[in-house]
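A short reminder: the numbers here are calculations on the coordinates, not readings from a lab. Note that this is a predicted model, so its numbers are computed, not measured. Here the Cβ is made from the backbone with ideal geometry for all residues, glycine too, and neighbour counts use every protein chain on show.
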Amino acid sequence: MRRTDEELIEIKESLEAFKKTVHNSEEIGHEADYRFHHDIVKAAHNSFLLHAVEDLGHLYRKALAYSLNKSQKENRKQTDADHERIFEAIKNGEPEEAAEAVRDHLEHVRQKVMVSQ
C-alpha cells in the first residue's frame, strides 16, 4: 500500500533477476531472492522490519541458500510463481492478496525444507 512507483520498479527488477536464476543450474539464486524480499520490505516503509531484515541479512541469505540449494527445478519454479503472485498483488495495490500470497509462499518453503530433511 505504501510502495512508490520507483520501489515497484526495484521489486520488478529483483523479480526478473531471480527469474534468470530459476533455469540456471549453476546458480543458487539466493542473492536475487534476498534482494526481492528486501525490496518488498523496504517498500513497506516499516523501519523496524527493514532493520531486522538487514541486521539478520547474513543469516537470511544462508537460509535462502539452503532452501534454494535443496530445491529441485520444479520447486524453484514454484518459488518463482509465488514471487510473481506477490509482485502482482503489490503492483495492483491489493494488500490482502499480497498477504495471502506471502503466507502461501512461506508454506511452500516450509514444505520444501521439511521434505528435504
Lysine pairs with alpha-carbon atoms under 22 Å apart, the chain, spacing 8 or more or separate chains: 28
Residue-wise HN-Hα coupling along the range 7-16, computed from phi with Karplus coefficients 6.51, -1.76, 1.60 (Hz; x: Gly, Pro): 5, 4, 4, 4, 5, 4, 5, 5, 4, 5
For the chain, alpha-carbon Rg and Dmax in angstrom: 13.6, 40
GluC sites (Glu not before Pro) restricted to DSSP loop in the range 19-117 with at most 10 other C-beta within 10 Å: E26
For the range 12-117: relative contact order, % (alpha-carbon pairs under 8 angstrom, 6 or more apart): 26 percent
Distance between the range 1-39 and the range 76-117 - C-alpha centres, whole angstrom: 13 Å
Inter-site label distance for M114 and D5 at 7 Å from Cα along Cβ, in nm: 4.4 nm
Helix-only [θ]222 nm of the chain, DSSP H runs n ≥ 4, -39500 (n - 2.57) each, per residue, nearest 500: -26500 deg cm²/dmol
